[in-house]
Amino acid sequence: MVFYDTWPKIDPQHLLWVLLAVLTIDHIWEMILAKRQQLVCLGAGVIPEELRAVIPPEVYHRARVYELHKMELFMWKHGIDLVISLAELFFGFYPFVWSLATQTLGSVTGDELWISLIFVLYLTIYITLRCLPVLLYDKCILELRYGTQTRMPCYMYICMGILSIILSQIVLAPLTLAIVFVVRTIGYFSFLYFWAVWAICTLLLVFLLPYLCIPCIGRQVRLPEGPLYLDVKRVCDLTGFPMSRVFIIRTKSTQYSNAYFYGSCCLKRIVIFDTLLYNKGLQPHELQPHEVGRGLFNIQVAAVVAHELGHWKNGHFYKATLIMKLHFLITMILFGLLFHCPQLYEAVGFKPGLCPIIVGFIIVLRFALTPYLTLANFVMLWNLRRFEYAADRFAHFLGYTMPLRSALIKIYADHMSFPVYDRCYARWHHTHPTILQRLAYQQRLDIEAAYN
């Protein structure tokens, strides 16, 4: 592989200590965030006042216990991952696996292309075994402590592990061959090729989503005429959104209630899951017992549509698409710079001049780019939450504050996740404001409107 001649002569040992420090800071920060959320969860023994009318105490208790379980498992997972990852870097794990793959094919071929396939296979097996400490801690300690035992026998976990290794190779083998081939063929500027391919694929996804992805969820049809059609038409007429672009998905098995806007120009559409409708828009005798009473009334569905129209009016789809493409371009530029740094390979234990392409991908994306990816993820999550607040404000402007508020509470009541989150934890992990944050924001909008 070729390298940039402009890279300064960095001591590989110093670079190794930088990678170790970055890894340590990242994992400790995640553990701190999880601990903060755990402490908030421990202190939230009483149901929040805004949700007392919809959450039975026993359901809230189960959700709280599950959240405590999840946070402790999260901390244990990051602690174990930190110790193992530090050992991998310090003791030269990646050169060891590469040499093992080279020896495996030593009598057959020395071509990096085929050695990379064996390397990825060995690494997949190792990663599967690497999950065992976390799995054992979860099943043997946490589930007993929190009373959340599952009924899956041990041999099922073994079968699932073997199956995951086999299935992952179906994806990873051709992907590995493609990466190595492209880098060997294009050289320095292969990272721009990867960015261009990703940009084209995301654009194609906008066109193909209704035809390839949605059929896996259910059957998509235009919203039929009826009482719901009239309520949705009323809000669409206020904004000039064509009713011909409002669709409903007759889901096959999912219980998740959702509506979303995506696309642009003639491809724009608002899609409503039938699980968002009260009783899925059917008669009670056509439903399973647990489905009866779930979903929203028509005016509440119209309020959710008003929220989605806020995303359309504010151009959130264009902005999110542009931000994602810019983020990936910056990621690929930084990747290209670090990927061609020979000292990075020496820092993790490779001999000078030996720089396997697929190992470079793993080292750069997993370790070297961690500071940028962490900060970029934080900024993008903040921006997504800002979009949600802006869409709520638009629904308020259209006069749908009360129906939207009741819709949010009803959706929450149908799914019953734990509602109380540490603010710092939520900022680093949530794409949407929490239910309590959104209710507080809508109350603030009402107060602002009363004084204006």
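The values are calculated or read from the model by the stated rules, or taken from the named source; none is laboratory data. As the structure is a prediction and not an experimental result, all values here were calculated from the model. For neighbour counting, all protein chains shown are included, and Cβ atoms are generated from backbone atoms with ideal geometry for every residue, glycine included. Each accessible area value is taken on the protein alone, full model and side chains, heavy atoms only, with ligands, DNA and RNA left out. Shrake-Rupley method; radii C 1.70, N 1.55, O 1.52, S 1.80 Å.
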Checklist line | Considering residues of segment 260-279 that are under 18 Å from Ala413 (Cβ atoms) and surrounded by 20 or more Cβ atoms within 10 Å (Cβ to Cβ) only, the residue farthest from the chain's Cα centre (by Cα) | finding: Leu277
Check: Does Ala413 qualify as being open to solvent by less than 60 Å² (accessible area, probe 1.4 Å), out of contact with any Lys or Arg (no Cβ under 7 Å at 6 or more places or on another chain) and either within 30 Å of Val46 (Cβ to Cβ) or not in a helix (DSSP H, G or I) (or both)?
Finding: yes
Note to self: Of everything in segment 40-51, what is part of a helix (DSSP H, G or I) and either exposed (fewer than 13 other Cβ atoms within 10 Å of the Cβ) or hydroxyl-bearing (Ser, Thr, Tyr) (or both)? Give them in sequence order.
What the structure shows: Leu42, Gly43, Glu49
Check: Of Thr374, Thr431, which residue is farther than 21 Å from Leu51 by Cα, under 17 Å from the mean Cα position of the chain (by Cα) and in a helix (DSSP H, G or I)?
Finding: Thr374
Next item on the list: Could you identify the single residue in His327, His311 that is surrounded by 17 or more Cβ atoms within 10 Å (Cβ to Cβ), in contact (Cβ under 8 Å) with a residue 40 or more places away in the chain, closer than 29 Å to Val379 by Cβ and within 23 Å of the chain's Cα centre (by Cα)?
Entry: His311
Margin query: Within segment 52-66, does at least one residue satisfy the condition of being buried (at least 18 other Cβ atoms within 10 Å of the Cβ) and more than 28 Å from Gln437 (Cβ to Cβ)?
Written below: no
Note to self: Among the residues of segment 14-23, are any open to solvent by less than 80 Å² (accessible area, probe 1.4 Å) and of a type outside the set (A, V, I, L, M, F, W, C)?
What the structure shows: no
Next item on the list: Look through Leu177, Leu238, Leu208 and report the one residue that is open to solvent by less than 90 Å² (accessible area, probe 1.4 Å), assigned to a helix (DSSP H, G or I) and touching a residue at least 40 places away in the same chain (Cβ under 8 Å).
Entry: Leu177
Check: If you take the residues in segment 157-174 that are open to solvent by less than 70 Å² (accessible area, probe 1.4 Å) and at pLDDT below 80, which one is farthest from Ile125 (Cα to Cα)?
Finding: Tyr157
Check: Residues of segment 243-255 being within 22 Å of Cys266 (Cα to Cα) and either of a type in the set (A, V, I, L, M, F, W, C) or open to solvent by less than 50 Å² (accessible area, probe 1.4 Å) (or both), which ones?
Finding: Met243, Arg245, Val246, Phe247, Ile248, Ile249
Next item on the list: Only one of these is among the β-branched types (Val, Ile, Thr) and loosely packed, with under 12 Cβ neighbours inside 10 Å: Val221, Val232. Name it.
Entry: Val221
Note to self: Tally up the residues in segment 282-306 that are within 18 Å of Asp231 (Cα to Cα), of a type in the set (Gly, Ala, Ser) and outside any helix (DSSP H, G or I), please.
What the structure shows: 1
Notebook entry, point to check: Of the residues that sit in segment 434-452 and are touching an Asp or Glu at 6+ places or on another chain (Cβ under 7 Å) and either touching a residue at least 60 places away in the same chain (Cβ under 8 Å) or in a loop (DSSP other than H, G, I, E, B) (or both), which one is most open to solvent (accessible area, probe 1.4 Å)?
Noted result: Leu436
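Every residue, every condition in (1) among the hydrophobic types (A, V, I, L, M, F, W, C); (2) touching an Asp or Glu at 6+ places or on another chain (Cβ under 7 Å); (3) farther than 25 Å from Cys424 by Cβ, yes or no:
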{"site": "Leu337", "(1), (2), (3)": "yes, no, yes"}
{"site": "Leu344", "(1), (2), (3)": "yes, no, yes"}
{"site": "Cys355", "(1), (2), (3)": "yes, no, yes"}
{"site": "Gly360", "(1), (2), (3)": "no, no, yes"}
{"site": "Arg366", "(1), (2), (3)": "no, no, no"}
{"site": "Thr374", "(1), (2), (3)": "no, yes, no"}
{"site": "Asn377", "(1), (2), (3)": "no, no, no"}
Margin query: Every residue in segment 332-356 that is open to solvent by 10 Å² or more (accessible area, probe 1.4 Å), assigned to a helix (DSSP H, G or I) and farther than 21 Å from Trp17 by Cβ, please.
Written below: Met332, Ile333
Margin query: Where the second residue is assigned to a helix (DSSP H, G or I) and among the polar types (S, T, N, Q) and the first is open to solvent by less than 40 Å² (accessible area, probe 1.4 Å) and lies in segment 81-92, which pairs have Cβ atoms under 8 Å and are six or more apart or on separate chains?
Written below: Leu82/Thr24
Next item on the list: Determine whether Ala391 is closer than 22 Å to Trp428 by Cα, at pLDDT 95 or above and either crowded, with 19+ Cβ neighbours inside 10 Å or touching a Ser or Thr at 6+ places or on another chain (Cβ under 7 Å) (or both).
Entry: yes
Next item on the list: Count, please, the residues in segment 52-86 that happen to be of a type in the set (Val, Ile, Thr) and part of a loop (DSSP other than H, G, I, E, B).
Entry: 2
